[in-house]
Amino acid sequence: MNNPQLNKHGELQHLLSIEGLPARILREILDRAAGFLGSAEGNEIKKVPQLAGKSVFNIFFENSTRTRTTFEIAAKRLSADVVNLNIGSSSTSKGETLLDTVDNLCAMHADMFVVRHSSSGAAHLIAKHVAPSIHVINAGDGRHAHPTQGLLDMYTIRHYKKEFHNLRVAIVGDILHSRVARSEIHALTTLGVPEVRVIAPKTLLPTAVENLGVQVYHDMEAGLRDVDVVMMLRLQNERMQGALLPSAQEYFKYYGLTQERLALAKPDAIVMHPGPMNRGVEIDSSVADGAQSVILPQVTFGIAVRMAVMSLLAGGKQ
């Protein structure tokens with residue numbers, strides 16, 4: 001079965017999901033990101049001309065300050081012309097279909113779409129609809145996928161841990177509603193991480209999640225023991241239907257990341273969170289701001305990773 005993300009030469013045409021992408025593509029993106037970031041941590045990412053003359057349209061049907069802003073910065077550092085579409089006041093709110101909107105933007109000579117939508121599969125639909133010269137990046141669709149977040153998390157892990165083949169990684173929290181968790185699981189297993197754990201109450205786990213190649217834990221203490229990486233997830237309250245949790249306080253009691261629980265992991269374990277954080281619900285402030293937290297570097301790395309994806313799609317050389 002053909003992968004809709006790859007062209008006939010096996011090169012990346014769209015980035016819709018990490019699922020199904022070969023490890024070589026993931027590594028190429030991570031290597032490109034390293035080149036954009038520079039060899040020393042904290043180096044300013046320089047502006048380069050790889051997308052000069054190209055138009056990148058950010059079309060976000062869901063709010064997201066962090067993701068939209070980092071995509072905008074990344075595109076501008078590649079010298080692209082960036083258009084941020086205000087969906088709240090656009091024609092889609094007047095009954096125009098998603099593909100009608102895309103057709104109109106294509107008529108404005110769009111070269112690349114960055115799409116966030118509450119419906120799973122929206123980016124795939126657009127990718128099937130547009131001309132071969134146009135590229136689509138999924139910036140999050142429903143519960144399905146958030147591939148650039150998964151990739152920037154892989155970059156963060158590689159930056160601090162160097163290799164994937166000897167790691168034990170725990171993903172903690174609302175696995176059921178999290179598109180980030182799905183992208184992370186596919187990325188970790190594709191890159192050869194031997195042990196991926198998911199830690200959550202039964203009500204926040206997808207059916208048969210172990211079929212994704214993960215070990216399931218319902219006990220936070222047992223799941224965190226001797227891990228190298230702790231990836232916390234935000235509670236997706238806006239996607240929950242019914243009472244899946246007794247209360248935020250009860251959740252923190254059993255699944256919040258505290259200093260005491262972090263001490264069960266390896267001494268050099270890193271703590272990650274895709275943001276925005278609910279302090280005192282998923283994570284204690286002392287951990288979020290502590291020495292083992294790499295949450296802010298994740299954001300910085302995200303710009304370089306999104307530059308790498310757009311550069312690769314546009315066929316740019318480094």
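Quick note: the coordinates plus some simple rules give every number you see, no bench work behind them. Predicted model only: the values in this text are computed from it and were never measured. A quick note on method: Cβ atoms are made from the backbone with ideal geometry, for glycine too, and the neighbour counts reach across all protein chains shown.
Structure summary
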| item | result |
| --- | --- |
| Percent of beta bridges antiparallel (DSSP, the chain, rounded to nearest 5) | 5 |
| Three-way shape call for region 57-201 based on the alpha-carbon gyration tensor, with the a/c threshold at 1.5 | prolate |
| Degrees, to the nearest 10: 179-190 long Cα axis against longest axis of the chain | 80 |
| Mean Cβ neighbour count within 10 Å, used as a protection proxy, ranking 222-230, 264-272, 147-155 highest first | 147-155, 222-230, 264-272 |
| Evaluated at q = 0.14 Å⁻¹: base-10 log I(q)/I(0), Debye formula over Cα of the chain | -1.08 |
| Placed amide H near R168: partners under 5 Å, 5+ positions off or other chain | D228, V229 |
| Considering only region 123-273, percent of DSSP beta bridges that pair antiparallel, nearest 5 | 5 |
| Built amide H within the under 5 Å cut-off of Q13, gap 5+ | L6, N7 |
| Estimated translational D of region 110-158 in µm²/s (Stokes, Kirkwood radius over Cα pairs; 37 °C; 0.692 mPa s) | 287 |
| Eligible aspartates and glutamates near K161 by straight Cα distance, threshold 13 Å, same-chain separation 8 or greater | D153, D228, D268 |
| Per-residue HN-Hα couplings for region 22-32 [Karplus 6.51, -1.76, 1.60; θ = phi - 60°; Hz; x = Gly/Pro] | x, 4, 4, 5, 4, 5, 4, 5, 5, 5, 5 |
| Segment R66-V83, length gained on full extension (0.36 nm per residue, minus Cα span) | 4.5 nm |
